[in-house]
Amino acid sequence: MEAVKETLQSDYLTQGPKVAAFEKSFAEYVGAQFAVAVSNGTAALHLCTLALGVNEESRVITTPITFVASANCVRYCGGTIEFADINPDTALLDTDKVRQLLESQPRGYYSGIIPVDFAGNPVNMEELRALADAHGLWIIEDACHAPGGYFYDSKDEKQMCGNGKYADVAIFSFHPVKHIATGEGGMITTNNELLYKKLMRLRTHGITRDPDEMPENHGGWYMEMQELGFNYRIPDMLCALGISQLQRADTGLARRKGIAKIYDEAFKEVEGIRILDINQAALGAAGEKGHAYHLYVIRVQDRKGLYDFLRQHQIFAQVHYIPVHTMPYYRSLGHGKGDFPEAEQYYAECLSLPMYPSLTQEEQAFVIQKVKEFIGK
Ligand SMILES: *Cc1c(COP(=O)(O)O)cnc(C)c1O
């Protein structure tokens, strides 16, 4: 609140110094070279598809178990979305299914992949990069669930989600349900300077003021609109909030890991409850985990029963997600129920339990008690 107040009293409400400062701190946090702050995570996705040249000819692969925005960004540019099924153990996009899809078509048929670090569980981006390179594809990592998450690559080097080492670009959201909240807000990270410059232009109408980028210069006022962009800027005061939130990110993440550990212990031996596996690549040699635990998901047979039972006891569990390919809009484009059995079976059974840093030990114990009570019935 102090940080926001200070910005409100400054000369800038938007496009001020806090935007660049937030970008710099965020890039450092995830270990990427460049960051572009934008108005929300969906805008971040849209700018990425624009910058990568998605058009009516493009076909892009994503997971059905994600928020709809991961797929919609391709549709904004007129491209076609194809889904590949999930791995039922992790609920992440199944690399083998992606490979099958790619190998079923000639090279050039697909343009890109949008993997999602679902629930905070990091995708093995090195493995996906190899596949993408073999088929000439770009990668947009939807890391909305995973700021602070990481995996270990084949050289046993720690790779932070969104660090731009393997994906061309990565995106984050600062919606209140996410780890770092600014109300509305988003970030793109990349190590590709050309993409970075293009994203910076596209965020502000396709306008540049950089003399190096303009063949002409009429004076101090001169700028050029070089391509069709948008107004996807984020206000300075929200960036001030973001900077201050970022300072608490590690503490929040540690708390989330602590909560996950307690849930893991409580449920691992319980018949009738299936917990999701952490991606093997996200397991450190010393047993530490690169999972960012945006969500804690369990799978149960009578999901609706458990959901209603928990609600009766003032526990507000959630469902993440209704498979995107079964949404009426995507059905109208030819996708439909039955296309991705693992994703649909997962949806029938999944429930996200309360997971946020301010959840108290007593509250978590109550949640566990009620879940076990229902399962034991
Ligand atoms: C939240 C979220 C988005 C969209 O972010 P907004 O800031 O709400 O636009 C995209 N993808 C995933 C996986 C998300 O969780």
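The values are calculated or read from the model by the stated rules, or taken from the named source; none is laboratory data. Being a predicted model, the structure only gives us computed values, none of them experimental. Ideal geometry is used to build each Cβ from the backbone, glycine not excepted, and the neighbour counts take in all protein chains shown.
Observations on the model:
- In the set (1) farther than 28 Å from Lys198 by Cα; (2) in contact with an Asp or Glu (Cβ under 7 Å, 6 or more places away or on another chain), the condition left unmet by Thr66 is number (1).
- Identity of the residue in the range 323-339, under 21 Å from the mean Cα position of the chain (by Cα) and not β-branched (Val, Ile, Thr), that ends up surrounded by the fewest Cβ atoms within 10 Å (Cβ to Cβ): Met327
- Applying the criterion of being assigned to a strand (DSSP E or B), among the polar types (S, T, N, Q) and more than 10 Å from the ligand (Cβ to nearest atom) to the residues of the range 169-196, the residue that is nearest to Ala27 (Cα to Cα) is Thr189.
- Matching residues, the range 240-297, being among the small types (Gly, Ala, Ser) and farther than 30 Å from Glu6 by Cα: Gly258, Ala260, Ala266, Gly272, Ala281, Ala282, Gly284, Ala285, Ala286, Gly287, Gly290, Ala292
- Meets criteria (modelled with pLDDT of 95 or more and closer than 21 Å to Thr208 by Cβ) for Ile243: no
- Restricting the range 197-228 to residues that are assigned to a loop (DSSP other than H, G, I, E, B) and within 23 Å of Leu52 (Cβ to Cβ), the residue that is farthest from the ligand (Cβ to nearest atom) is Asp210.
- Residue match in the range 82-104 (condition: on the phi > 0 side of the Ramachandran plot and either without any contact (Cβ under 8 Å) to a residue 60 or more places away in the chain or not assigned by TED's automatic domain parsing to the domain that holds Ile140 (or both)): no
- Exactly one residue out of Gln369, Gln314, Gln361 is modelled with pLDDT of 95 or more, more than 26 Å from the chain's Cα centre (by Cα), on the phi > 0 side of the Ramachandran plot and not basic (Lys, Arg), and it is Gln314.
- In the range 108-147, the residues that are within 16 Å of the ligand (Cβ to nearest atom) and either part of a loop (DSSP other than H, G, I, E, B) or assigned by TED's automatic domain parsing to the domain that holds Leu276 (or both): Pro115, Asp117, Asn121, Pro122, Val123, Ala143, Cys144, His145, Ala146, Pro147
- Residue identified as without any contact (Cβ under 8 Å) to a residue 24 or more places away in the chain and either outside any loop (DSSP other than H, G, I, E, B) or outside the structural domain of Ala37 (by TED's automatic domain parsing) (or both) among Gly252, Gly258: Gly258
- Taking the range 36-55 as the range and being more than 7 Å from the ligand (Cβ to nearest atom) and not in a helix (DSSP H, G or I) as the test, the residues that pass are Val36, Ala37, Val38, Ser39, Leu52, Gly53, Val54, Asn55.
- Here Leu306 meets the list (1) part of a helix (DSSP H, G or I); (2) within 30 Å of Glu127 (Cα to Cα) almost entirely, failing just condition (2).
- You will find that of Arg75, Arg107, Arg59, the residue that is at pLDDT below 95 and farther than 17 Å from Leu195 by Cβ is Arg107 and no other.
- Checking Ala285, Ala254, Ala281 one by one, the residue that is of a type outside the set (Ser, Thr, Tyr) and under 30 Å from Glu373 (Cβ atoms) is Ala254 and no other.
- Any hit, the range 159-175, residues being of a type in the set (Phe, Trp, Tyr) and surrounded by fewer than 24 Cβ atoms within 10 Å (Cβ to Cβ): yes
- Qualifying positions in the range 12-35 - part of a loop (DSSP other than H, G, I, E, B), in contact with a helix residue (DSSP H, G or I) (Cβ under 9 Å, 6 or more places away or on another chain) and either over 13 Å from Leu199 (Cβ atoms) or within 16 Å of the ligand (Cβ to nearest atom) (or both): Tyr12, Leu13, Gln15, Gly16
- The one condition from (1) surrounded by 15 or more Cβ atoms within 10 Å (Cβ to Cβ); (2) more than 15 Å from the chain's Cα centre (by Cα); (3) in contact (Cβ under 8 Å) with a residue 40 or more places away in the chain that Pro17 does not meet is (1).
Residue by residue, here is whether (1) of a type in the set (Ser, Thr, Tyr); (2) over 30 Å from the mean Cα position of the chain (by Cα); (3) within 25 Å of Pro17 (Cα to Cα) holds:
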| site | (1), (2), (3) |
| --- | --- |
| Ile207 | no, no, yes |
| Gly219 | no, yes, yes |
| Tyr232 | yes, no, yes |
| Arg248 | no, no, yes |
| Tyr263 | yes, no, no |
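- Every condition in (1) out of contact with any His (no Cβ under 8 Å at 6 or more places or on another chain); (2) among the β-branched types (Val, Ile, Thr); (3) in a strand (DSSP E or B) is met by Val297 except one, and the failing one is (1).
- Filter result for His145 (touching a helix residue (DSSP H, G or I) at 6+ places or on another chain (Cβ under 6 Å) and surrounded by fewer than 23 Cβ atoms within 10 Å (Cβ to Cβ)): no
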